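Below: one structure, written as structure tokens.
The values are calculated or read from the model by the stated rules, or taken from the named source; none is laboratory data. Every value quoted in this text rests on a predicted model; they were computed, and no experiment measured them. Every residue, glycine among them, receives a Cβ derived from its backbone with ideal geometry; neighbour counts consider all protein chains shown. These accessible areas exclude ligands, DNA and RNA; they are computed on the full protein's heavy atoms, side chains included. Shrake-Rupley method; radii C 1.70, N 1.55, O 1.52, S 1.80 Å.
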Amino acid sequence: MPESVIQGLGVVALVGEIIGAGALVLGFLMVTARWAREARSLGALSAYDRYRKSLGRVVVIGLEILVAVTIIKTITVDATPEALGLLAVMIGIRTMLSWTTVLEMSGRWPWQRAPARNS
């Protein structure tokens with residue numbers, strides 16, 4: 001691959017890392033601010049469940065962005081066997097975090113169907 005393409009993808013990876021970290025920080029701040037408003041009007045315990053679910057969504061989205069950027073960076077900029085091994089471990093950890101976050105938010109594993117609603 002030409003050096004200019006590799007450098008360009010390195011910049012894309014850096015910008016993506018900033019976006020991923022920003023999504024986590026900004027999402028945390030927004031969800032926490034909403035929880036604080038709801039806690040005052042509904043009570044802290046009533047707003048807590050919604051806060052946990054919203055925070056879980058923020059974490060999943062932030063992790064997805066960061067993993068995508070890491071894949072780009074590892075394959076194009078730092079394609080060593082050690083980096084690829086680290087990437088595989090990181091994807092495994094991210095997958096388990098995502099699954100357990102979905103379990104925490106919905107009460108079921110991602111591959112399980114939602115219970116039928118009684119109408």
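Compute, for residue 14, the solvent-accessible surface of its heavy atoms (probe 1.4 Å) with the complete set of protein chains present, and express it in square angstrom to the nearest 10. We get 100 Å² for residue 14. A Gaussian network model of the chain, with springs between Cα atoms under 10 Å, assigns the largest mean-square fluctuation among 80, 95, 70 to 80.
Applying the Karplus relation 6.51 cos²θ - 1.76 cosθ + 1.60 with θ = phi - 60° to segment 39-53 yields 3J(HN,Hα) values of 5, 5, 8, 9, x, 4, 5, 5, 7, 5, 4, 5, 4, 4, 5 Hz, where x marks Gly and Pro. Between 44, 2, 30, the Cα set farthest toward the positive side of the dipole of the chain (charges on each charged residue's Cβ, about the Cα centre) is that of 44. For trypsin sites (Lys or Arg not before Pro), no site in segment 6-91 is both called loop by DSSP and has at most 16 other Cβ atoms within 10 Å.
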